[in-house]
1. Under a Cβ-Cβ cut-off of 14 Å, what is the net charge of the residues other than ASP591 that fall near it, where Lys and Arg count +1 and Asp and Glu count -1?
2. Need the full-extension length gain, GLU305 to TRP107, defined as separation in residues times 0.36 nm minus the C-alpha distance. One decimal, nm.
3. In region 197-338, with Lys and Arg counted as +1 and Asp and Glu as -1 at Cβ, which of these residues, PHE285, LEU244, TRP275, has the Cα nearest the positive end of the dipole, that is, farthest along it?
4. Carbon and sulfur together cover what percent of the accessible area of the chain at a 1.4 Å probe radius?
5. How high is the relative contact order of the chain, in percent, with contacts defined as C-alpha pairs under 8 Å that are six or more residues apart?
6. Based on the Cβ-Cβ distance of TRP519 and ALA553, what FRET efficiency does E = 1/(1 + (r/R0)^6) give at R0 = 41 Å, to the nearest 0.05?
7. Hey, can you grab everything whose amide H is under 5 Å from the amide H of ARG776? Only 5+ residues off in sequence or another chain; H modelled, so Pro and N-termini drop out.
8. In the chain, which helices (entire DSSP H runs) extend 27 Å or more along their own long axis, judged by Cα positions, while averaging at least 0.5 on the Kyte-Doolittle scale?
Amino acid sequence: MNESTQGRTEISDPKVASQPRPSPVSSLQSLVSNLQLLALPFILVLAAFLRFFRLDHSSLWSDEGNTWALMARSLAQIARDAAADIHPPGYYWLLRGWTTLAGADAWGLRSFSASTGVLLVWITYHVALVLFAAPCSDPKASRVNAKTPALLAALIAALNPFLVYYSQEARMYTLLAVAGAGLFWATLRLMRPASDARLGGWPGLVYLISGVIGLWTHYSFPVVLAAAGCAWLFALVRARPIALHGVARFLLLNGLVVLSFAPWLPTAMERVLAWPKGGEAVGAFDALQLTVRTLLIGPLRAMPEPLWPWLFSAGCLPLLALWALRRSAGVWALALWLLAPIGLMLALGLYSDAFLKFLLVAAPAWCIALAAAPRLLPVPQSTRPGLHTLATLFLALAVSVFALLTLPPYYGDATARDNYADVARYVAAVGNPATDLVMLNAPGQQEVWAYYDPGLPVLALPQQRPPDRAQTVATLHDAVAGRRQLFVLFWATAEADPEQIVEGWLNQQPFLFKGVESWQGNLRFLTYHQAAELECQPLPTTVRFGDVIALRAQCLQLAPVAAGDVALVGLEWVTEQAIQTRYAVSVQLLDPRGQVIAQHDGESQGGAAPTTTWLPGASILDNRGVWIPFGAPPGVYRLIAALYDPITGQRLSTPYGNAAELGQIEVVRTERAVPLEIVPMQHRLGHRLGPVTLVGYDLHRKGFAHAPETPLAVGDVAHVVLYWQAPDPLPGDWPADLHFTLGVGAETVSGPLAGGALPTGAWRPGELVRAEFDLRYDGAAQRPWLAIGDTQIRLASLPR
């Protein structure tokens with residue numbers, strides 16, 4: 001009887017027998033619904049991590065230096081200084097209060113933008129929630145349906161490199177974007193008939209606060225206000241009947257916003273009309289490409305290859321999504337929010353690197369439009385929710401992959417912004433306040449240089465705009481007299497010194513030798529050195545380069561040169577006839593194995609005397625400084641000179657091959673402590689490998705140190721520079737001559753760590769030692785490996 005009862009129980013329950021199994025799509029929807037509860041807090045934590053991570057790693061740049069300088073002034077003085085600038089004082093006032101708690105160092109200054117950047121992600125979510133909530137009889141259900149695309153919009157905003165970058169900068173643009181997002185959230189809410197409180201309740205208050213902050217933050221904000229007003233007006237025209245109390249409320253809110261700015265309005269008008277026009281006019285296609293690229297990646301340099309699929313998707317999907325949302329009540333608000341800043345930049349010709357950040361106010365709208373892309377799927381109503389969920393997850397995955405490809409290199413890039421910090425560290429390490437001078441060419445540099453001040457005297461030239469040539473040259477002549485070394489920082493030269501008076505004068509002085517020349521972001525850093533202990537003499541036999549150019553005299557430095565210093569070389573050229581090609585000169589320092597450890601390339605006299613301007617029979621004096629890298633092993637090195645066509649790379653022949661021997665230079669150890677962060681290297685590691693530390697390495701196609709991403713083909717030679725550091729103190733069993741093995745594919749090279757130039761037994765405690773090696777690429781593998789004994793690591797992939 002029990003068995004019979006049990007059997008009937010198993011087959012007789014119609015509820016159990018008829019209950020359908022959940023489909024994979026419905027199960028996925030259920031999972032997503034559960035995840036929604038935790039998604040927004042997770043996204044906000046992620047946004048905070050990305051914005052506060054390594055917040056002060058990159059250097060302050062010139063505009064941030066101006067921000068720092070203002071923080072030491074009173075609110076009244078900030079207003080007076082802003083009246084002479086192109087920005088109203090609102091951001092600086094708010095930051096002044098913030099820094100009383102967070103401090104006025106780089107982290108404290110930037111933490112305000114990082115915090116407002118997180119707030120922007122939160123506001124973006126709520127704007128999307130309002131926009132995607134389709135009107136229906138059940139507001140709660142409508143809100144639930146809008147959560148998935150709103151969360152996707154927040155995730156895109158959290159991961160967007162453009163928004164992350166400016167959330168780590170002590171400037172007003174993230175606050176401006178917050179004001180714009182808040183204004184459009186309030187506008188969308190005020191467009192609803194339910195907003196019938198006297199001033200719109202919370203939406204009215206947010207509109208008022210956002211409008212006031214926006215106007216006092218940036219002079220471009222009236223365009224955002226106008227876009228919000230047009231969106232509201234369009235919604236009003238579509239509404240039937242028109243609610244007059246809503247019209248009065250919106251007009252009153254805007255009147256209060258404008259009234260708050262009235263005390264500053266005359267100053268704003270005067271500054272906007274008087275400020276010189278910048279940027280440049282571009283065609284519609286170029287403007288579209290720049291816009292999409294900026295919204296997608298901002299000013300970041302590391303980009304996935306190929307980039308075009310990302311650009312195509314980032315440009316097309318949001319525009320198509322606007323079409324998919326065309327029946328939504330708020331689509332015009334979203335479209336105007338996105339397109340108004342773009343229209344402003346097109347109308348004023350602001351498409352240049354300096355002004356692309358104005359697009360930041362449109363970035364949240366772009367994130368929301370991109371999040372609407374899954375609505376483009378033309379599928380039946382019954383399966384649409386599940387497929388929309390799948391499309392949303394796919395888009396979230398794609399955005400995450402893009403962030404993984406672009407953000408890690410940004411966090412490790414010391415030149416993500418103009419790198420005044422490392423330049424100042426270098427000057428502090430090698431400069432002498434008694435004999436050296438720092439020169440700045442743009443007024444905006446003085447504040448940021450004061451932040452990192454390494455203690456050397458500073459001269460800012462030109463002293464006015466437009467520059468006075470006679471006054472500038474006279475000042476240069478007096479300032480340079482008696483100086484051993486000049487550290488020159490060129491920035492915004494097109495505006496500060498369009499005729500290049502300063503650089504041209506420095507390049508043409510026969511007693512000055514240009515040494516280091518390095519781009520640190522948009523900052524160009526150069527050193528010039530006074531001639532000292534040079535031996536100048538005509539060559540026994542004139543060395544001919546090609547058919548018409550000859551080297552007939554040279555000047556070489558007699559004293560040994562320490563690693564980190566500059567070897568001075570003077571060359572005297574002559575030509576027999578006019579030259580049609582602009583040749584470049586390369587002066588190279590070679591070790592006993594023939595490896596180039598240092599070189600100085602460029603046209604004669606720093607570009608002031610290209611070969612096409614040489615007159616037949618006239619002497620051309622060409623002074624050059626060859627910077628000896630930190631860590632170069634001590635020894636005697638060969639010095640050679642070559643002339644080549646910079647377009648083809650083809651060298652002119654000489655009786656001795658394709659270069660002329662100039663003599664020898666003795667390199668000695670530096671006695672200064674060298675901060676490792678100022679040593680230029682492509683990849684930094686700090687990885688212990690056996691008993692030594694591999695500080696970092698360079699890895700590129702041989703001859704392409706200036707373009708390390710140049711691809712290698714099978715048979716090409718990869719050039720590897722290894723930066724070793726000895727332990728401090730040296731252990732008792734420190735080896736006399738430690739060896740390594742380097743390989744890629746079937747190709748390997750082995751030898752002493754410094755290539756035989758400096759056995760490890762001669763290393764000093766904590767010493768940095770640099771060595772260079774070549775490795776042929778056979779195409780069998782992309783990632784080289786490096787081993788000492790049983791310890792092995794893999795290096796970065798070779799470019800291809």
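1. 0
2. Here the segment from GLU305 to TRP107 would lengthen by 68.0 nm.
3. LEU244
4. So the carbon and sulfur contribution to the accessible surface is 61 percent.
5. Normalised by residue count, the contact order of the chain is 9 percent.
6. With R0 = 41 Å, the Cβ-Cβ based efficiency is 0.80.
7. Hits under the 5 Å cutoff: ALA718.
8. Span-like helices, by this rule, are 24-52, 106-132, 139-159, 384-411.
The values are calculated or read from the model by the stated rules, or taken from the named source; none is laboratory data. Since we're looking at a predicted model, the values are computed, not measured. Positions of Cβ are generated from backbone atoms using ideal geometry, with glycine treated the same way; all protein chains shown enter the neighbour counts. What goes into the accessible areas is simple: the full protein's heavy atoms, side chains included, and nothing from ligands, DNA or RNA. Shrake-Rupley method; radii C 1.70, N 1.55, O 1.52, S 1.80 Å.
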